[in-house]
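Each remark here refers to the structure printed beneath this line.
Since every read-out is calculated from the coordinates, none of them should be taken as a lab result. Keep in mind that this is a model prediction, so the values were computed, not measured. Counting neighbours? That spans all protein chains shown, and the Cβs are built from the backbone with ideal geometry, glycine included.
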Amino acid sequence: MPNETPLVNVQIDGLWHQFPKGTRVIEACAQVRAYIPHYCYHPKLSSPGNCRMCLIEMGMPRMGPDRKPELGADAKPIINWMPRPQISCAQDVTEGMGIRTNSPLAEECRRGVMEFLLINHPLDCPICDQAGECLLQEFSVEYGRADSRFLEHKVKKPKRVEIGPRITLDDERCILCSRCIRFCQEIAKDDVLGFADRGSHTILTTHPGKRLENNYSLNTVDICPVGALTSSHFRFEMRVWFLKETKSVCTSCATGCNMIIGSREDIIYRQTPRENAAVNSVWMCDYGRLNFEYLTSTDRLLEPAIFAGNKLQPADWKKAIEYAALQLKHFNGWDMAIVASARMTNEELWLTSQLARQLNVSLIDVVPHHDAGDDILLSQDRNPNINGAKIVLGLAAEPGARLKQIAESVAGGRIKALIVLGEDPTQFGITVDQLKQLPSFIMMGILHNAATPHTTALFPSAAYAEKRGSIINGRGRLQRLNRAVRPPGEARDDWEILRDLSQAITGSNGIYTIEDVFKQMADSVPQLNGLSLSKIGDLGLKLIATPQGTTTPVPPGEPVDEKVFEREMARAPK
Ligand code: SF4
Ligand code: SF4
Ligand code: FES
């Protein structure tokens, strides 16, 4: 028998409901759409109960002489209401509890708390980055006063304090909720923030000799309910209401944190975490969220090019694709090698596998990328889709195992045509001089690198935020990338480039959209049978194989079963 949490009966605003024992009062109220304003409460942090914004009226069942609750005419407990308001964020519901969230007393309390919070607030909303998503603004609409009764001078506090390489603090805006302090202690495990001084002179500051520089520091900006903690990178760059929000996934490591890309007119201004209990909770690391500036780098490849007239020169897409296809048709499969990237989407990897099959190439690999990880979110595996490479590309060996052989074959002259997709071959042992000697060296990529000047055909492709597609994170969760901005210049979606190259070689057609690619991939890859891009959903799904070999999507939010995924890996086509 499953160990079920017992339910308790609670009256909220006159109606009785049931909640599992242990539910916090503020959360129980939210579940029945009785929203309680709050500042210091955060569902993923401890509750100190220090802002007092969540005050409500609360009562307990009246006990009779037999020490049992007395029942009223409706056969429900009669409630004894407490004379003083109570906070709702730091206590759990109990049997027979009564709650009034919108009584005159509760509302009067909120008006009082708001007035106190605003006494020393600088009211600089017109120049505050938080404007538009500020809880102080939001609650003052309902509970603030139109005029101020405070005639004295406001307390002056430090402004524009750089408390870390990515964080700027405005102490006058701080409402002393302590969310940032608790985040550093409880999530980032880096106890660097605290309060100093007393009363209305209290300020938030870093501990002596310390800075807020951990790799999760920008989460404090997300959870600060006001504009006290701001991102030095985003500060004054864009009003938040102008941002287009696109749901996508971070591709800077194998964790695949869910995120929202904030962009305007094809420029990304910020990336913020999106809640997914099975992946990143509500957090993401600073490294991943700031890793988008290369999209606007001057090193972007902007137009296709071919080697003609003894130099690499721009060509239109049709000519470049035909040129590359003509070159490749000259060689046998054993004269060729393909190095793909585990940063590519499943769709791109599947088209790569089709290209390899059409060209009869068996020497194929992807490049592993590793760096320091941590115990919070950041993975050592900096490839976002190594599991996709294993399942979809059908590698014959562990990722990276054949790179040495490829480099040696290029050096020995056995490989005459090399296709490199999204990687730099000089990083895995092939020298520039060896690349120059190759009769055919075709590259697809985002940025110029040491190898690009020596290609015979060069294709500019799209970065993660410029395309759609799917990836499988390190724990086996299939997730979706969405396009937030358009690729620059003549750069195109990688899947389109691969499809065109494949069609130029074989003369086939029939793939017009990325949905077509997914369908063909899902038909041939057992783990993806029956899925489509739209079925993946915003929160992704973990891949579970039934005994018959079909794939069963399950609702998101459950912890990923590593063993199930290991079995999936074992079943990947070789
Ligand atoms: S800086 Fe923001 S999160 Fe930190 S205590 Fe002040 S208001 Fe709260
Ligand atoms: S932990 Fe990995 S996936 Fe998450 S934000 Fe950081 S780099 Fe991106
Ligand atoms: S949210 Fe309850 S005291 Fe702050």
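The distance linking region 6-71 with region 251-273 is 36 Å (Cα centroid to Cα centroid, whole angstrom). Couplings 3J(HN,Hα) of region 75-87, computed from phi: 6, 10, x, 7, 9, 8, 7, 6, x, 10, x, 10, 7 Hz, in residue order, whole Hz [Karplus 6.51 cos²θ - 1.76 cosθ + 1.60, θ = phi - 60°; x for Gly and Pro].
Database remark: amide H of Thr23 closer than 5 angstrom to the amide H of Val93 (H placed geometrically; neighbours at sequence offset of 5 or more, or on other chains; Pro and chain starts carry no H).
If a/c stays under 1.5 just call it rounded; otherwise compare a/b with b/c (prolate if a/b is bigger, oblate if not). Do that for region 172-218, with a ≥ b ≥ c from the square roots of the Cα gyration tensor eigenvalues. Because a/c hits 1.5 or more and a/b exceeds b/c, region 172-218 counts as prolate.
Length gain on complete extension for the stretch Thr506 to Arg239, per 0.36 nm per residue less the alpha carbon to alpha carbon distance?
Values: separation 267, 0.36 × 267 = 96.12 nm, distance 5.00 nm.
Gain in length upon complete extension: 91.1 nm.
Would you kindly give the portion of the calculated P(r) for region 120-296 that falls above 26 Å, as a percent of all Cα pairs? The share of Cα pairs beyond 26 Å in region 120-296 comes to 33 percent. The gain in end-to-end length when the Glu70 to Asn102 segment is fully stretched comes to 9.0 nm, 0.36 nm per residue minus the alpha carbon separation.
When shorter helices are ignored and each DSSP H run of at least 4 residues is given -39500 (n - 2.57), the per-residue value for the chain at 222 nm works out to -6500 deg cm²/dmol. Residue by residue, region 391-399 carries 3J(HN,Hα) couplings of 6, 7, 6, x, 5, 7, 9, 4, x Hz when phi is fed to the Karplus relation 6.51 cos²θ - 1.76 cosθ + 1.60 (θ = phi - 60°); x denotes Gly or Pro. Per residue, the convex hull around the alpha carbon atoms of region 305-525 comes to 123 Å³. Angle between the Cα long axis of helix 317-329 and the longest principal axis of the chain, 0 to 90 degrees, nearest 10? Result, in degrees: 50. Between Lys44 and Lys247, the C-beta separation translates, for a Förster distance of 22 Å, into a calculated FRET efficiency of about 0.65. Taking chymotrypsin sites (Phe, Trp or Tyr not before Pro) across region 460-516, the ones in a DSSP loop with at most 15 further Cβ atoms lying within 10 angstrom of their Cβ are Tyr512. Within the straight-line cut-off of under 29 Å between alpha carbons, the lysines reachable from Lys159 are Lys44, Lys189, Lys210, sequence neighbours fewer than 8 places apart in one chain being disregarded.
With a threshold of 26 Å on the Cα-Cα distance, the over-threshold entries among Lys244/Lys542; Lys247/Lys535; Lys21/Lys76; Lys390/Lys519; Lys318/Lys436 are Lys244/Lys542.
Relative to the longest principal axis of the Cα atoms of the chain, helix 494-506 runs at roughly 30 degrees. Modelled this way, with points 7 Å down the Cα-to-C-beta line, the labels at Glu515 and Ala450 are 4.5 nm from one another. Rounded, prolate or oblate for the chain? Axes are the square roots of the Cα gyration tensor eigenvalues, ordered a ≥ b ≥ c, and the cut-off for rounded is a/c under 1.5. Note, shape of the chain comes out prolate. Maximal additional length on extending the Lys21-Lys189 stretch stands at 57.5 nm, based on 0.36 nm per residue less the C-alpha distance. Reducing region 390-457 and region 84-149 to their Cα centroids gives an inter-centroid distance of 60 Å. Relative to the longest principal axis of the Cα atoms of the chain, the long axis of helix 514-524 makes an angle of roughly 80 degrees. Residue-wise HN-Hα couplings along region 158-169, as the Karplus relation 6.51 cos²θ - 1.76 cosθ + 1.60 with θ = phi - 60° gives them from phi, are x, 10, 6, 9, 7, 8, x, x, 10, 10, 10, 9 Hz; Gly and Pro carry x. Charge tally around Gly507: other residues with Cβ under 14 Å, Lys/Arg +1 each, Asp/Glu -1 each, net 0.
The modelled label-to-label distance between Gln427 and Lys156, using points 7 Å beyond Cα along the C-beta direction, is 5.1 nm.
Quick check on packing: order 300-311, 474-485, 57-68 by the mean number of other C-beta atoms within 10 Å, highest mean leading. Mind showing how you got there, number by number?
Values: 300-311: 16.4, 474-485: 21.9, 57-68: 13.9.
Averaged packing, sorted descending, gives the order 474-485, 300-311, 57-68.
A Förster distance of 35 Å, applied to the separation of the beta-carbon atoms of His201 and Gln137, puts the FRET efficiency at 0.90. Residues whose amide H comes within less than 5 Å of that of Asn80, counting only those at least five positions distant or on another chain, are Met60, Arg62 (H built at 1.01 Å from N in the peptide plane). A crude spin-label estimate for the pair Asn529 and Trp317, with each label 7 Å from Cα along the Cβ direction, gives 3.5 nm. Ranked by the mean number of other Cβ atoms within 10 Å per residue, highest first, peptides 364-374, 71-81 order as 364-374, 71-81.
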